[in-house]
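The values are calculated or read from the model by the stated rules, or taken from the named source; none is laboratory data. Bear in mind the structure is a predicted one, so any value in this text is a computation, not a measurement. Note: ideal-geometry Cβ built from the backbone for every residue, glycine included; neighbour counts use all protein chains shown. For accessibility, only protein heavy atoms count, side chains too; no ligands or nucleic acids. Shrake-Rupley method; radii C 1.70, N 1.55, O 1.52, S 1.80 Å.
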Number of protein chains: 2
Amino acid sequence: MRSSVTAAPLTHTSPMGPIRSDAGAHLPLGLEAVTITGGSWAPYLERNARTTIPHAQSWMEKLGWVGNFSAVVDGTIAAVRQGREFSDSDVYKLMEAMAWEIGRTGDPDMERRFQELTEVITSAQESDGYLNTRFGHDGQEPRYSDFEWGHELYCAGHMFQTAVARLRTTGPDAFTAAAVRVADHLCEVFGEGGRDAVGGHPEVETALVELGRTLEEPRYTALATRFLELRGRGLLGEIEFGQQYFQDDEPVYEAAVLRGHSVRALYLAAGAIDAAVEAGDAAKVEAIRAQFDRTLARRTYITGGMGSRHMDESFGEDYELPPDVAYCETCAGVAAIQVAHRLLLWTGDEAYADVIERCLFNVVTASVSAEGDAFFYVNPLHQRTEGSTPEADRPTPRASSSQRAPWFTVSCCPTNIARTLASLPAYVATVGEEELVIHQFVTGTVRATVADRRVELRVATDYPADGEVEVQVVAGAGTWTLGLRVPSWCEGATAQVDGEPVEVDAGAGRLSITRSWTAGEVVTLSLPMPARFSRPDPRIDAVRGQVAVERGPLVHCLESVDLGDDVEDAVLDAAAGLEVVDGQVLATISRRSVVERPWPYVATTAPVLPTGGSRQVRLQPYREWGNRGAGTMRVFLPTD
Amino acid sequence: MRSSVTAAPLTHTSPMGPIRSDAGAHLPLGLEAVTITGGSWAPYLERNARTTIPHAQSWMEKLGWVGNFSAVVDGTIAAVRQGREFSDSDVYKLMEAMAWEIGRTGDPDMERRFQELTEVITSAQESDGYLNTRFGHDGQEPRYSDFEWGHELYCAGHMFQTAVARLRTTGPDAFTAAAVRVADHLCEVFGEGGRDAVGGHPEVETALVELGRTLEEPRYTALATRFLELRGRGLLGEIEFGQQYFQDDEPVYEAAVLRGHSVRALYLAAGAIDAAVEAGDAAKVEAIRAQFDRTLARRTYITGGMGSRHMDESFGEDYELPPDVAYCETCAGVAAIQVAHRLLLWTGDEAYADVIERCLFNVVTASVSAEGDAFFYVNPLHQRTEGSTPEADRPTPRASSSQRAPWFTVSCCPTNIARTLASLPAYVATVGEEELVIHQFVTGTVRATVADRRVELRVATDYPADGEVEVQVVAGAGTWTLGLRVPSWCEGATAQVDGEPVEVDAGAGRLSITRSWTAGEVVTLSLPMPARFSRPDPRIDAVRGQVAVERGPLVHCLESVDLGDDVEDAVLDAAAGLEVVDGQVLATISRRSVVERPWPYVATTAPVLPTGGSRQVRLQPYREWGNRGAGTMRVFLPTD
């Protein structure tokens, strides 16, 4: 399959990636343009293809989530249905991951599995296009009888995103045809003049816009716009968590900040940007951008994690960012990447590429185990206890432990990771005005048409092990601009073209080199990567008096396995600084001598607590924590 | 009624109070022995009787929770039942409050209302004794088909506690007869040789022991013991929150600390103490005492509030005590008082009277509005936003706001407050060996038999406005010991007998004066009550770098209404100290100048933030916060 796709002309309007947007400052490049051939990312992508995707499929088959579709055909679904009300969506997300992976590598075995799943799923479609295993069949509640929790539109959205992946990689097939029939059915039921409704879990909005873009079908975009306009007007019923939970509290473009259930809020924001971009309504895009910016400034963890509260999986209030009881759902990290990607394309502002990087390095890849077959659903920044060991043969609830679980009863996260990693090349580079920009540092190739000239770059880097990035212009002689992101965490970046220094404007977020290029020339970007302390805004009360340690894009943490003791009483000697030895970050840690008291609030103005002797301890990249057995961990370290 | 009760001889084995325990170091005194006639507590008790109890009854009638009992008689219950599965228990708790209030004051109108409710409730009892509106009737699920969430045993427990209150105040009646039939029914179904089961929400255990004590019926205590022995053995099914949620994870007396759902854990601990006391098993009492002590040292807020997590209303891990997302359910404060009371009686250790005081002053009375008709369900120590205004005519969910709500869909808290305040005199004093001890400072009288001598004391105090307590020996000539608690927060307490200084042993927790008393002698206890800073244990990460302010038993807080600004950027100048002027606590507060940044984690080692000019601001007793409209609030203040 791949060969036929890559043989097609490279155009900016049809990237093999999740977004096609040609109204912003930058055009996206997809899998047809960017390949990852080595470096630190290749093993992640390989593990995703070889382990995570088959792992997810085997769990969904074992738990009967795939079988639900066959049970619709058998007429037994009401009696035998397995999984939560949104389990169909996980099958679609698995297939989306497969579709990108097929597009990326042409894996024939995965193609066969995709087609088998297609057969099972499409057989369950009703004659009028409706397709959902949870509603509308004998013995089940009627279709569209539970917009608050039913997830029918949400499941349809995930089906559309898979169809987009398929259409942009291998082209139309039975799956995409079924998706089109579902979309047409939705237009009929919910389109202009139809039923006024919105789904409790946003997702269909962004998916409809993208399906519309792919098929050049304005009805789909119109339906997405209609759903967005109807939201925030109280169409959804009351629930304990309040209307804010599903963003039905305020009109979409009028809110000041993201709020309520974090994944819902972020998927909605993605759709709201998409529809506004399609409408050419810059004010609306900027409204969502302002919401996201404020969310980044006040409601985001240092890892990029979003969503403070376990109770309703929601953003908390501004600066309510407790590290230990943080929720930081993996899916919110995926969704934040989607929003940031859209804003990067719209604005060309590298700040959003920084967000993508932060979430990729500290949420998405942090969620997956070293082996690729276990996951964190929540990603706290402080693990106080080891927690229980997740069972190997049964899905676990979402509650956190210091050990990743093979599967969850609500298992949205593993497939969200899988589809993100399988489409990772689509987040690497964009094309601006006469400019080709590399936002994420990967080892591989980037090919694009820039200033009417076909450009090919070869990129080599060990990033994030070090900050040296080498970009060779393989093809593309002539004058155009090469852009390379300079991450906001970086101070003192330098660059050279064939050994000649080039000035780097600190603070611009990007090194842009405009010149007449000759094939073979090599640009070297050097990003100094010392370990550094990051001090939280004083309004983040929960980590007052503590600092985090970062190196490059990687947030680090202290694990009990390295300390040889529970992390609870660890105190950082910040004055001793940090060292990087053989790529490992070393901090100086002492142990607080604890005074045990029957009551922990003491009426003295200045208790002085002696600390034990200090020593250097290795800090672990946060994304690798919990891979060495049960233990405790903390990102923010007290400096007492 | 009162006259006939008080005419009865005073004995230690039948106090008019929730506990009769004669195996511990101290014997409880009840409403027959202690009266509250003035001082700061009288208005609370008066408001409870005049406003809170009628308010609770009117909501339960309006919402149909009382009507459920009639619907059982009508046979329509399955179709028309209102409220949550445990709504019966709230009717019982209301009646328990009424029963104590009738015992305390003899209010004939309340007696009439109690009898009316009795008629409605007892009519719904089945011929075999079963009485619950949620199960077992036509169209409902069968009895005892949902031990995890059904709350049948829990509701029965609350009925028994009301029966105990009734038996100890006005004597046997139709209500207590119905309760006995329920208890006999439970013995038949779940007693030795019967079904092995435990209820998902502990409560029946402590209630059965007390009913057994009151009626001298060993079968009830035996059933409680059986429920306690069966717990922690996995009889309850799996739920998302884990077996810990309902303390079915470990045998009751083997756990190291209270854990899981906080109210469940505390009610269970109360029952576990009661059964162990009845069995004379000191090791078991000490096991629960150790659990509670560790909970106080590591899992309790400075207010006495317990339960950190909203998600499952549970204790978090040790030192997981975030102030903003604190749950601190009002009912947990009530339940902690029950446990502490039992341990006070067992040990005679004033540390537990300190706990009772802390919870009374900073949880129970903090929950109720100044008017007595609105309540906090959760009691956070930091309110970041004003939150929404609770609706006046509909019950609200439990989520917190800066304004109290008139009623909740889950409305366990208001009636728990009501029954605690109505029985408050029972927490004031106890009798030890030849010793009469006053633990809680109230204005009123205490009468008891001490060293075979009838003693009567008259107590006068403005506590907690000041720390002067005057105790006059009205009757009781001869040698015996008068004990007065010296709170652990107090430094420099002094005392006099008729103007002659008496030595106070700091650290003993109690001033004990043994002498030959003469009627008319006056003991004066002076508890210095400056405002003081309380610094949290450094392991409580969430409030690092912050201090709280207390005065006497009252935790204080900063409210936006006093600051004239949101409390978010307030910084305490601890060096400036605290002042008390006209009983009001004044702190010196400055305003942090905030540097707005797009990303709140900055890679500098020492950002210096200027602060605005400082000024004295009044701090509010925490229990009175939120009584002046919507606002923000914090107990712990950063000292940056």
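Which members of region B:545-556 meet the condition of being open to solvent by 20 Å² or more (accessible area, probe 1.4 Å) and at pLDDT 95 or above?
Residue satisfying the conditions is B:551 alone.
Find the residue count for region A:448-470, including only residues that are within 30 Å of residue A:581 (Cα to Cα) and of a type outside the set (Phe, Trp, Tyr).
Within region A:448-470, residues that are within 30 Å of residue A:581 (Cα to Cα) and of a type outside the set (Phe, Trp, Tyr) number 12.
Scan region B:202-210 and give yes if some residue there is in contact (Cβ under 8 Å) with a residue 12 or more places away in the chain, surrounded by 24 or more Cβ atoms within 10 Å (Cβ to Cβ) and not in a helix (DSSP H, G or I), otherwise no.
Yes, region B:202-210 contains a residue that is in contact (Cβ under 8 Å) with a residue 12 or more places away in the chain, surrounded by 24 or more Cβ atoms within 10 Å (Cβ to Cβ) and not in a helix (DSSP H, G or I).
So if I check each of B:143, B:81, B:112, which one is within 26 Å of residue B:49 (Cα to Cα), at pLDDT 95 or above and open to solvent by 30 Å² or more (accessible area, probe 1.4 Å)?
The match here is B:112.
If a residue counts only when it is under 20 Å from the mean Cα position of the chain (by Cα), which helices (runs of 4 or more DSSP H) contained entirely in region A:41-137 have at least 3 such residues?
A:41-47, A:53-62, A:87-105
Every residue, every condition in (1) surrounded by 21 or more Cβ atoms within 10 Å (Cβ to Cβ); (2) of a type in the set (Val, Ile, Thr); (3) within 11 Å of another protein chain (Cβ to nearest Cβ), yes or no:
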| site | (1), (2), (3) |
| --- | --- |
| A:525 | yes, no, no |
| A:530 | no, no, yes |
| A:540 | yes, yes, yes |
| A:584 | no, no, no |
| A:593 | no, no, yes |
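Does region A:219-249 hold any residues that are under 20 Å from residue A:18 (Cβ atoms) and over 25 Å from the mean Cα position of the chain (by Cα), and which are they?
The answer is A:223, and nothing else.
Out of the residues in region A:309-327 that are in contact with a strand residue (DSSP E or B) (Cβ under 7 Å, 6 or more places away or on another chain) and within 19 Å of residue A:386 (Cβ to Cβ), which is farthest from the other protein chains (Cβ to nearest Cβ)?
Checked region A:309-327; the qualifying residue farthest from the other protein chains (Cβ to nearest Cβ) is A:323.
What do you reckon, is residue B:447 basic (Lys, Arg) and closer than 30 Å to residue B:532 by Cα?
Judged against the criteria, residue B:447 is not a match.
If the requirement is being farther than 22 Å from residue A:203 by Cβ and open to solvent by less than 20 Å² (accessible area, probe 1.4 Å), which of these qualifies: A:121, A:102?
Criteria check complete, one pass: A:102.
Residues that are within 26 Å of the chain's Cα centre (by Cα): which strands (runs of 3 or more DSSP E) entirely in region A:455-550 hold 2 or more of them?
Per the criteria, A:468-475, A:478-485, A:510-517, A:531-536.
Please verify whether residue B:199 is assigned to a loop (DSSP other than H, G, I, E, B), under 25 Å from residue B:300 (Cα atoms), open to solvent by less than 20 Å² (accessible area, probe 1.4 Å) and of a type outside the set (A, V, I, L, M), treating the condition exactly as stated.
Criteria not met by residue B:199.
Can you list residue pairs whose Cβ atoms sit under 7 Å apart, with the first residue in region A:615-626 being assigned by TED's automatic domain parsing to the domain that holds residue A:589 and the second being surrounded by 22 or more Cβ atoms within 10 Å (Cβ to Cβ) and among the acidic types (Asp, Glu)? Count only pairs 6 or more apart in sequence or on different chains.
A:620/A:559; A:625/A:559
Can you find, within region B:265-301, the residue that is most open to solvent (accessible area, probe 1.4 Å) among those that are farther than 23 Å from residue A:311 by Cβ and within 14 Å of another protein chain (Cβ to nearest Cβ)?
Checking each candidate, the answer is B:294.
Residues being small (Gly, Ala, Ser), more than 15 Å from residue A:268 (Cα to Cα) and modelled with pLDDT of 95 or more: count how many of those fall in region A:223-238.
0
Taking into account only those residues within region A:603-621 that are hydrophobic (A, V, I, L, M, F, W, C) and at pLDDT 80 or above, which is farthest from the chain's Cα centre (by Cα)?
Here the residue is A:617.
Is it the case that region B:368-385 has a residue that's among the small types (Gly, Ala, Ser) and either within 14 Å of another protein chain (Cβ to nearest Cβ) or within 16 Å of residue B:306 (Cβ to Cβ) (or both)?
No, region B:368-385 contains no residue that is among the small types (Gly, Ala, Ser) and either within 14 Å of another protein chain (Cβ to nearest Cβ) or within 16 Å of residue B:306 (Cβ to Cβ) (or both).
So, in region B:289-323, how many residues would count as being touching a helix residue (DSSP H, G or I) at 6+ places or on another chain (Cβ under 7 Å) and in contact (Cβ under 8 Å) with a residue 40 or more places away in the chain?
Of the residues in region B:289-323, 17 are touching a helix residue (DSSP H, G or I) at 6+ places or on another chain (Cβ under 7 Å) and in contact (Cβ under 8 Å) with a residue 40 or more places away in the chain.
Report the residue count in region A:469-486 for those that are surrounded by fewer than 21 Cβ atoms within 10 Å (Cβ to Cβ) and under 22 Å from residue A:38 (Cβ atoms).
The number of residues fulfilling the criteria is 4.
Is it the case, given these coordinates, that residue B:448 is more than 14 Å from chain A (Cβ to nearest Cβ), closer than 30 Å to residue B:471 by Cβ, open to solvent by less than 10 Å² (accessible area, probe 1.4 Å) and part of a strand (DSSP E or B)?
Considered against the rule, which asks whether it is more than 14 Å from chain A (Cβ to nearest Cβ), closer than 30 Å to residue B:471 by Cβ, open to solvent by less than 10 Å² (accessible area, probe 1.4 Å) and part of a strand (DSSP E or B), residue B:448 comes out as yes.
Of everything in region B:474-507 that's touching a helix residue (DSSP H, G or I) at 6+ places or on another chain (Cβ under 8 Å) and of a type outside the set (Phe, Trp, Tyr), which residue is nearest to the other protein chains (Cβ to nearest Cβ)?
Looking at residues that are touching a helix residue (DSSP H, G or I) at 6+ places or on another chain (Cβ under 8 Å) and of a type outside the set (Phe, Trp, Tyr), I get B:488.
Within region A:381-397, which residues are under 29 Å from residue A:636 (Cα atoms) and either in contact (Cβ under 8 Å) with a residue 40 or more places away in the chain or in contact with a helix residue (DSSP H, G or I) (Cβ under 9 Å, 6 or more places away or on another chain) (or both)?
Within region A:381-397, A:381, A:382, A:383, A:384, A:385, A:386, A:387, A:389 qualify.
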